Amino acid sequence: MSILLPSRGALLALVVLPVGVAPACAQGRPSLPISDCDDATAWRGGEPSTQHVTQGEGSIRWELAANRELRLADIPHDWSEYNALVFDMYSENATGSPFWLLLPSEDREREGPDYFSLRLTLDYEGWRHYILPFDEIGRARHPLGWHTIELFRLHAAWDPNIQVDPEAVVYVDDIRLERYDDTGPRMSDEEFFGALDLERPELQAVRAAVEAGDLEGAKSAWAEHLRTRETPRWFDMWYGRPEPVPAERANTGTADLALEHRFRWQHETFFLGEDIDWSQNQMTEGESATVEWNARLNRHPMFTALATAYWRTGEERYADKLVELWVDWIEDAPLLLHASGNHPYHWAWETLNTAVRASSAWPSSLFRTIEAPAWTDDALVMVTKSFAEHARHLVKHPTGGNWLTAECTGLYYTGVLFPEYREADQWRATALDRLYEQMETQVYPDGLEYELALGYGMWVLRNYSDVLDFAILNDLRDEVPRDWLARIERMYDYVLYASMPNGIVPGLNDSGNTDRRPYMERAAGYFPERADFGWAAGEDGEMPSETSRAFDYSGHYVMRTGWAADDLFMLLDAGPFGSGHQHEDKLTFVLYAHGRTHVVDAGNYMYDRSRWRRYVLSTRGHNTVRVDGLYQHRRGLRETYVLDYPFEPLGNPWATGDDFDFVRGGYAQGYGDDNAVRVTHARSVLFVKPHYWIVVDRLTPEDDAEHEYESLFHLDAEDAEIGDDLSVTSVTAEAESRLAILPLPTDGLQVEVVKGVEEEPVQGWAWTVPGDDHAVPTAVYRLSGTGEQVMAYVLWPLHAGEESPVRGLARIDAGAGAAAGEITLQDGSRHLFAFQSEPGEMSFGDFGTDAQVAFVEVGEDGSVGRSFLYGGNELRPVE
């Protein structure tokens, strides 16, 4: 009797098995029976059945709704000689019901249950043969190990209130342990040629060899096809390789290290061993421990370096080593059968690592070197198989955010580059569908991807653009939705209108600053009608007429005087936490004026366990307020992460005009790890164009206790000086501008300047360019008290060599709950301002108003000049 057998390449394949026939994957391998499922007396939660059987006389029938747990205790307990659990399961209905495999392995010296676990889904009808490699099964707490397994246990739902579908009924049979073949690629030669569309005319020779049963000849024909075809195209193809140059002029340093199995990481070089273990991680100890070392290794920058060296020099040793390492990696990294590779992390098949290889290192390395003699027929077939395994893995395990974009890019590229696969059309369609939906549901209408980390948002934008360009390159523009460009235009808008006058876009959260120029060059090509993009790209165009802008979904508020290098700029962050790569930094800001940045964000640091990483993540590394030495804490409060789709604007108070900009944001989620210190921070910013900003921080506790408030200003300067009036002025080079911070006089206010503190708690550092750290003087203002406290500051940028135009700043009485001051300038004129917590009547100095925020300029002769009101309509003299 012929049967459909499970293949090595199947991903938990659905296999139809006639009654009484043993699955072939259990034959010819070392195995240990757990249960033949003929005798139900040792089982709890199931009943004997002869209705659906794969071997022996019976199976165990389990109704998930009637008995939420199925367990067997009478099992072999030492599983350490095997590497996979296998069993057969028949599902009566494809209900989509989840269930869990639980394998207790208790450490009696620790509290709480310790076990291995895996979530599975009844998304099929009929038989399925499960092959579950141990390294794809997750761990809960601290299981002792595979030598101590106490039970075989299946569970339908943890929460008794969860309704289990009564149609979820399964039959379990033939549970055993196996020593599973763990060498890649999993796809056999037969499966490979079965996956190709051999009806394609260009595969005529491959088809003839397959039909003749000559698989070696078919592999040779396939390899020859790859070597000689000129389309589809990668960006750089082997037939366009330039004339070689000597190695000493070709910048082959990284490739030369790769020849010796040396891997460069963060300015260090690591020896990988003569026989490379691709799962290794040489950064597992101390505070610098990070999985990113291994992730980087498995994204294959060594492949790219070797291919680039071959491309530039033509020296065969680079291609020889490339193919050697590539084959070694594929053999060492078989495709995961069930897990995504993300949780728990699996060095080879984490979906982001998979995506980066498929979208960058692999196609770039293959198509620039494919004519090299090192590419044997077997090597080309092996790599082609693995490309398909990459695509299938990415189809099966989509994620979100920048990961999803990268996954779809790799999937689309593979579908374009290997149209000979029957699945290629589906790969491309799946990738485009997911990206198109992501543009709608994970990119805010104001243009920033919902992680709210600029670097990742720009990677998302590049991928969207790259997919379009790659489709155009390969004459596939018609399969890309026609409004693709319209959907990403708003992302280019953000790049331009959030950029500082020097053309740099401030990077918040896990990001450094970004140069807008390459994005604007691309945007100008896509949108030739956009004169502002053309201007920003350095081409014909017009400087934007719009200056300030509220990105009221992302919560970024930009206030500027203009677009020239000497103009003033501030970006305030009053938005959601972000879907990932978040920092505890709400209400932080970045300030630029007169040719340079003055207030900077701490930036980003390697994803490790170090004090530096803790610093950039915490409120301590940002220009906002700490309470009682504690930090903001939105991590874990999912409701603060992103706006609900369909998106609605935040609605933070905002006003902009020729003379003034105003914005207010708030933070009310508490401080400290348990969010127990309940203080609401409201920050208001008034931009008095074209000269300075007024920042008012209102801190309102929910209790009557005394709290200490600490307001931080990280200054991009050599040093900073404290004045007798507690002002802080940055110290810069003689030809550079400075910033003066003038606090509103307040009883009990204190200030210090901290710079370059290396011990915990770290303070006074910035990484605005990733990997480039520098100590920055940080002004730290402190105020303690009970009840509501208000801290207010004037931030006045000074031209190089300019003396402060401010003669003095005095507090004036405006009634309970109001913060008001009078700025006296050197020319004798006065600027009066008042901020109150709620709209209502108040008097400040010579004026009365019904506004929540009021500002007025008074000349030396008493004449009234410009004024601003928010939350009211009336400004009147007070007799």
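The values are calculated or read from the model by the stated rules, or taken from the named source; none is laboratory data. Remember, predicted model here, so these are calculated numbers, not experimental data. Please note: Cβ atoms are built from the backbone with ideal geometry, for glycine as well, and neighbour counts cover all protein chains shown. With ligands, DNA and RNA removed, areas are computed over all heavy atoms of the protein, side chains included. Shrake-Rupley method; radii C 1.70, N 1.55, O 1.52, S 1.80 Å.
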Since Gly748 meets every condition but one in (1) buried (at least 20 other Cβ atoms within 10 Å of the Cβ); (2) of a type outside the set (A, V, I, L, M, F, W, C); (3) on the phi > 0 side of the Ramachandran plot, which condition does it not meet? (1)
Could you count how many residues in region 297-344 are at pLDDT 95 or above, more than 18 Å from Phe270 (Cα to Cα) and polar (S, T, N, Q)? 2
Scanning region 705-720 for residues that are of a type in the set (Asp, Glu) and outside any strand (DSSP E or B), the one farthest from Thr746 (Cα to Cα) turns out to be Glu718
Given the conditions (1) among the hydrophobic types (A, V, I, L, M, F, W, C); (2) modelled with pLDDT of 95 or more; (3) open to solvent by less than 10 Å² (accessible area, probe 1.4 Å), every one holds for Phe270 apart from (3)
Tell me which residues, restricted to region 588-606, are under 16 Å from Val731 (Cα atoms) and hydrophobic (A, V, I, L, M, F, W, C). Leu591, Ala593, Val599, Val600
For a quick check of your reading of the model, give me the residue pairs whose first member lies in region 577-596 and is without any contact (Cβ under 8 Å) to a residue 60 or more places away in the chain, whose second is outside any loop (DSSP other than H, G, I, E, B), with beta-carbon atoms closer than 7 Å and at least 6 apart or on different chains. Glu584/Leu617; Glu584/Thr619; Glu584/Gln632
Looking at this structure, is Gly621 touching a Phe, Trp or Tyr at 6+ places or on another chain (Cβ under 9 Å), buried (at least 17 other Cβ atoms within 10 Å of the Cβ) and modelled with pLDDT of 95 or more? yes
Select, from Ser843, Ser804, Ser837, Ser829, the only residue that is modelled with pLDDT under 95 and of a type outside the set (Val, Ile, Thr). Ser837
Just wondering, is there one or more residues in region 763-772 that are over 25 Å from Leu630 (Cα atoms), open to solvent by 20 Å² or more (accessible area, probe 1.4 Å) and assigned to a loop (DSSP other than H, G, I, E, B)? yes
Would you confirm whether or not region 458-480 contains a residue that is within 21 Å of Asp644 (Cβ to Cβ), in contact with a Ser or Thr (Cβ under 6 Å, 6 or more places away or on another chain), open to solvent by less than 30 Å² (accessible area, probe 1.4 Å) and at pLDDT 95 or above? yes
If you go through region 226-239 one residue at a time, do you hit one that is of a type outside the set (Ser, Thr, Tyr) and farther than 30 Å from Arg200 by Cβ? no
Residues to consider are Glu860, Glu841, Glu874; find the one that is in contact with a Ser or Thr (Cβ under 9 Å, 6 or more places away or on another chain), under 24 Å from Trp796 (Cα atoms), free of Cβ contacts under 8 Å to residues at least 60 places away in the same chain and open to solvent by 50 Å² or more (accessible area, probe 1.4 Å). Glu860
Those residues of region 589-608 which are assigned to a strand (DSSP E or B) and buried (at least 22 other Cβ atoms within 10 Å of the Cβ), in sequence order: Phe589, Val590, Leu591, Tyr592, Ala593, Thr597, His598, Val599, Gly603
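Residue by residue, here is whether (1) among the β-branched types (Val, Ile, Thr); (2) closer than 23 Å to Ser727 by Cβ; (3) in a strand (DSSP E or B) holds:
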residue: Ile823; (1), (2), (3): yes, yes, yes
residue: Asp827; (1), (2), (3): no, yes, no
residue: His831; (1), (2), (3): no, yes, yes
residue: Phe835; (1), (2), (3): no, yes, yes
residue: Ser843; (1), (2), (3): no, no, yes
residue: Glu857; (1), (2), (3): no, yes, yes
residue: Asp861; (1), (2), (3): no, no, no
residue: Arg866; (1), (2), (3): no, no, yes
For region 567-576, how many residues meet the condition of being surrounded by fewer than 24 Cβ atoms within 10 Å (Cβ to Cβ) and either farther than 17 Å from Ser499 by Cα or at pLDDT below 95 (or both)? 1
Checked pairs for region 721-745, first over 20 Å from Arg596 (Cα atoms), second of a type in the set (Lys, Arg), C-beta under 6 Å and 6 or more apart or across chains, list as Leu744/Arg811; Pro745/Arg811
Per the filter on region 72-99, residues under 17 Å from Val169 (Cβ atoms) and not aliphatic (A, V, I, L, M) are Phe87, Asp88, Tyr90, Ser91, Glu92, Asn93, Thr95, Gly96, Ser97, Pro98, Phe99
Taking the criterion of being open to solvent by less than 20 Å² (accessible area, probe 1.4 Å), closer than 24 Å to Thr561 by Cα and in contact with a Gly (Cβ under 8 Å, 6 or more places away or on another chain), would at least one residue in region 720-736 satisfy it? no
Considering only residues that are among the β-branched types (Val, Ile, Thr) and either in a strand (DSSP E or B) or out of contact with any strand residue (DSSP E or B) (no Cβ under 8 Å at 6 or more places or on another chain) (or both), look in region 33-56 and name the one that is most open to solvent (accessible area, probe 1.4 Å). Thr41
Would you pick out the residues in region 220-266 that are without any contact (Cβ under 8 Å) to a residue 24 or more places away in the chain, part of a loop (DSSP other than H, G, I, E, B) and surrounded by fewer than 13 Cβ atoms within 10 Å (Cβ to Cβ)? Glu230, Glu243, Glu260
Index of the failed condition, Leu452 passing every other in (1) under 28 Å from Asp552 (Cα atoms); (2) open to solvent by less than 10 Å² (accessible area, probe 1.4 Å); (3) part of a helix (DSSP H, G or I): (3)
Could you list, in sequence order, all residues of region 789-809 that are surrounded by fewer than 15 Cβ atoms within 10 Å (Cβ to Cβ) and not in a strand (DSSP E or B)? His799, Ala800, Gly801, Glu802, Glu803
Name the single residue that is farthest from Thr376 (Cα to Cα) among those in region 288-347 being part of a helix (DSSP H, G or I) and of a type in the set (Phe, Trp, Tyr). Trp293
Mind checking which residues of region 514-537 are among the hydrophobic types (A, V, I, L, M, F, W, C) and assigned to a helix (DSSP H, G or I)? Met520, Ala523, Ala524, Ala531, Phe533, Trp535, Ala536
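Yes or no, residue by residue, for (1) in contact (Cβ under 8 Å) with a residue 24 or more places away in the chain; (2) touching a strand residue (DSSP E or B) at 6+ places or on another chain (Cβ under 6 Å); (3) within 19 Å of Thr384 (Cβ to Cβ); (4) buried (at least 24 other Cβ atoms within 10 Å of the Cβ):
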position: Gly401; (1), (2), (3), (4): yes, no, no, no
position: Ala406; (1), (2), (3), (4): yes, no, no, yes
position: Thr409; (1), (2), (3), (4): yes, no, no, yes
position: Arg422; (1), (2), (3), (4): yes, no, yes, no
position: Trp427; (1), (2), (3), (4): yes, no, yes, yes
position: Thr430; (1), (2), (3), (4): yes, no, no, no
position: Leu435; (1), (2), (3), (4): yes, no, no, yes
Any pair with Cβ under 8 angstrom, 6 or more apart, that starts in region 826-837 at a residue that is under 17 Å from Ala816 (Cβ atoms) and ends at one that is part of a strand (DSSP E or B) and of a type in the set (Lys, Arg): Phe835/Arg698; Ser837/Arg698
Looking at region 57-70 only, could you name the residues that are open to solvent by 50 Å² or more (accessible area, probe 1.4 Å) and under 19 Å from Pro33 (Cβ atoms)? Glu57
